[in-house]
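Right, one structure below, let's go through it.
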Amino acid sequence: MITEKQLLAQPKKNYLDKEQLAFFTEKLKALREEIKEHTATIMSELSEQEHEFDELDIATVQEENRMRLRLLDRERKLLPKIEKSLAMIKDGSYGYCVETGEPIGLARLLIRPTATLCAEEKNRQEHIEKGYRK
């Protein structure tokens, strides 16, 4: 298995060859397992909490639970994106912008392996969204 440094040092003509796709497949599978384990841990922590009777303790526990639940929700939303990315690897569309067809780029995929938009298209969409929020 190649390292991130080796991946980035490869020539552009190697973009998403078998070796690179294997790297991202393993990265996505590891991320999926990490999320599943973390989700199970959070659920276990939430179900095993002792009840506090002091108002300050109750407020602190409730805030911690809110944060855990937000993180849990975020991670659960990431799982389908991981599955979609793995499917895209199989069908040959992984690593290419779904809007423009341009390569997303290895550096962006390393940071966000579930990315489906190239940086330029993502920036364009965010700029449009910002205009609608005003």
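Quick notes on this structure:
- Shape call, region 20-85: gyration tensor on alpha carbons, a/c limit 1.5: prolate
- Rounded to the nearest Hz, the phi-derived 3J(HN,Hα) couplings of region 116-123 under the Karplus curve 6.51 cos²θ - 1.76 cosθ + 1.60 (θ = phi - 60°) are 10, 10, 5, 4, 4, 5, 4, 4, where x marks glycine and proline.
- Over the residues of the chain, the helix contribution to mean residue ellipticity at 222 nm works out to -24000 deg cm²/dmol, using -39500 (n - 2.57) for each DSSP H run of at least 4.
- What region 38-134 shows is 74 Å² of accessible area per residue, with the surface traced by a 1.4 Å probe over protein heavy atoms.
- Within the accessible area of the chain (1.4 Å probe), percent carbon and sulfur: 53 percent
- For the chain, relative contact order (Cα pairs under 8 Å, six or more residues apart, normalised by length) works out to 23 percent.
- Projecting the Cα atoms of 30, 106, 59 onto the dipole axis of the chain, where Lys and Arg carry +1 and Asp and Glu carry -1 at the beta carbon, places 106 farthest toward the positive end.
- Proximity of backbone amide H atoms, modeled 1.01 Å from N, is registered between residue 95 and no other residue at under 5 Å, excluding neighbours fewer than 5 places apart on the same chain.
The values are calculated or read from the model by the stated rules, or taken from the named source; none is laboratory data. Everything quoted here is computed from the prediction, not taken from an experiment. In this analysis, Cβ positions are derived from the backbone assuming ideal geometry, glycine residues included, and neighbour counts consider all displayed protein chains. Just the protein is used for accessible areas: all its heavy atoms, side chains included, with ligands, DNA and RNA removed. Shrake-Rupley method; radii C 1.70, N 1.55, O 1.52, S 1.80 Å.
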